[in-house]
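Each remark here refers to the structure printed beneath this line.
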Amino acid sequence: MITPLTDTNSLHSWIDENLLRELRLDPRYTTSFRASTGAKPEMKAGHVDIEIMGIGLLCMIDFRQKDDVNPLGATASQNLGPEVDPTPKLIKRSETLAAC
């Protein structure tokens, strides 16, 4: 189990490649990004079950290099439904709104 940072500005979730390999998770494809420097690095990517507050879903993750942070990106956050409360820096379960 890891405790990731939550990055609401990042679309993807990133997890250390060495940890993923220890868990016997292999990348399934590559994704490319445009960095702020203009570079377009390619990253290995795959899927992993992510669980937050008892809700778990298969989420796309990027395999990050050693010593990088492990942010939980906006896509996983939106799919799993937690809400970020920035003042106490906590994640809490969000209320689901119905379009009735």
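Computed from the coordinates by the stated procedures, all read-outs in this text should not be read as laboratory data. What you see is a predicted model; the values in this text were computed from it and never measured.
At-a-glance table
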{"item": "Cα pair distances in the chain, grouped into 10 Å bins until the bin that holds the longest one, percent each", "result": "14, 46, 29, 10, 1"}
{"item": "Cross-link partners of LYS40 among lysines (Cα-Cα below 24 Å; sequence separation of 8 or more within a chain)", "result": "LYS66"}
{"item": "Under 5 Å, built H, 5+ apart or other chain: amide partners of ARG64", "result": "ILE15, ASP16, GLU17"}
{"item": "Estimated [θ] at 222 nm from DSSP helical runs (n ≥ 4, -39500 (n - 2.57)) normalised by residues in the chain, nearest 500", "result": "-3000 deg cm²/dmol"}
{"item": "Segment THR37-ARG21, extension gain: residue separation times 0.36 nm, minus the distance between their alpha carbons", "result": "2.9 nm"}
